[in-house]
Amino acid sequence: MLTLGIESSCDETAASVVEDGWRVRSSVVASQNSLHAEYRGVVPELAGRAHVEKILPVVRAALKEAGLSLEDIGMIAVGHRPGLIGSLLVGLTAAKALAWTRGLPLIGVDHVHAHLCSPLLDVAEGEQPQFPALGIVVSGGHTSMYRMESPVGLTRLGATIDDAIGEAYDKAATLLDLPFPGGPNLDRLASEPEANDRAFELPISRINPTSLDFSFSGLKTATMMAVRGDPQGRAAQRRQASELPHNVRRDIAASFQRAAVEAVLLKLGRAIDANPCRSILVGGGVSANSRLRAALLELGATRGLDVRLPPMRYCIDNAAMVAGLAFALRATGRVDDLTLEPTPTTAC
Ligand code: KG4
Ligand code: ZN
């Protein structure tokens, strides 16, 4: 069964053809990074307009890359939540039009759930991870953990009570005067060989001794104080990152990255203690982070767990994860119709 997946929830226009839920035949992503760079963040109206321009070329490119035509496709999948409404609408309208004109089943997919299942792509049946698993999504909009009985059976264990980890990365990058997109640039600066990740003691949120929720707003504020100076300190308060020597900016980045990654590891450790599992599935843009990836693999080795990280191409937003998950949902009997709506929030 060949599924055509469409994704347009934020600032990437993507289409993909996936066979039997795991074999990726093509994955095309048109990024809008250069469009939003001067604003250092995604401008919803610009994103929606760019999706309109890109959606059909991207769908055509995905079919071409797979060496297929629309006649070969058996199902249409689309990310319809969560995201920017104007952006979601473009992908959803294209998906509905394709499903209706070809008489194909339409499956709406939750983007957060799709990230969670992105490590299952390109993994043959005999090599898929064992369940129950613990799932963690670390993205620009979400930071949540789940108990997974199967790829489609999720129970949320915890989530951020304020900012998502990717949002904190992007804010910290802006404070450090790094270009958009912030996360990867901060990762690069923090990974310089001379970086001292203990130069600044930035807070690792615990919330309470048993909480499985996350909080990144305190880390964000502490990073701002590290850049601008002591909150009580008068003149220093107005200090900008551009006035700081490179080694100080680098050490702030490294200290931020250490605190952010340790916060994830702390809560993941608690979740594993409370929910025995066989594997850990990780997804979302921040799963591309070099330090987080290394720390998760180390955690897996220490705790004897099978940690599955998506390859870099499936960390960022893509449509292969949407098509892959739709196949698993369809197998449970799920099908949507033309009343499917774009929704700003996740259902996971
Ligand atoms: O999953 P994603 O593409 O979009 C959402 O669903 O939110 O995640 C985007 C987020 C951004 O905040 C971006 O800065 C972050 O992922 N990101 C990273 C890295 N690569 C992307 N954060 C830290 N280190 C990276 N290497
Ligand atoms: Zn995403």
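What order, most packed first, do the peptides 129-138, 203-212, 9-18 have when packing is the mean number of other Cβ atoms within 10 Å of each residue?
Working: 129-138: 22.1, 203-212: 13.5, 9-18: 28.3.
Result, highest mean Cβ count within 10 Å first: 9-18, 129-138, 203-212.
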Reduced to Cα centres, the span from the stretch 176-225 to the stretch 11-48 in Å works out to 26 Å
Carbon and sulfur: what percent of the stretch 131-310's accessible surface (1.4 Å probe)? 51 percent
Name the lysines eligible as straight-distance cross-link partners of residue 64: C-alpha to C-alpha under 16 Å, and not fewer than 8 places from it in the same chain. 54
Let me check the size of the stretch 1-155 from its C-alpha atoms; what are the radius of gyration and Dmax in Å? 15.8, 46
Which residue, 210, 15, 276, has the largest displacement toward the positive end of the dipole of the chain when charges sit on each Cβ (Lys, Arg +1; Asp, Glu -1)? 210
Taking 0.36 nm per intervening residue step and subtracting the Cα-Cα distance, what contour gain separates residue 52 from residue 273 on full extension? 74.9 nm
For the residue pair residue 332 and residue 313, what label-to-label distance in nm results when each label sits 7 Å from Cα along the Cα-to-beta-carbon direction? 2.8 nm
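Roughly speaking, what is the stretch gain from residue 65 to residue 40, that is 0.36 nm per residue apart minus the C-alpha to C-alpha distance, in nm to one decimal? List each step's numbers first, then the result.
Working: separation 25, 0.36 × 25 = 9.00 nm, distance 3.20 nm.
Working it through step by step, the gained length comes to 5.8 nm.
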Please give the per residue accessible area of the stretch 131-310, computed with a probe of 1.4 Å over protein heavy atoms only, in Å². 42 Å²
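Could you size up the charge dipole of the chain around its Cα centre, putting +1 on the beta carbon of Lys and Arg and -1 on that of Asp and Glu, and report it in debye to the nearest 20? Could you put the intermediate results ahead of the total?
Details: 34 positive and 38 negative charges, 93 e Å.
Roughly 440 debye, rounded to the nearest 20.
The values are calculated or read from the model by the stated rules, or taken from the named source; none is laboratory data. Predicted model only: the values in this text are computed from it and were never measured. Every residue, glycine as well, gets a Cβ built from its backbone with ideal geometry; the counts of neighbours run over all protein chains shown. Calculation scope for accessible area: heavy atoms of the full protein, side chains included, ligands and nucleic acids excluded. Shrake-Rupley method; radii C 1.70, N 1.55, O 1.52, S 1.80 Å.
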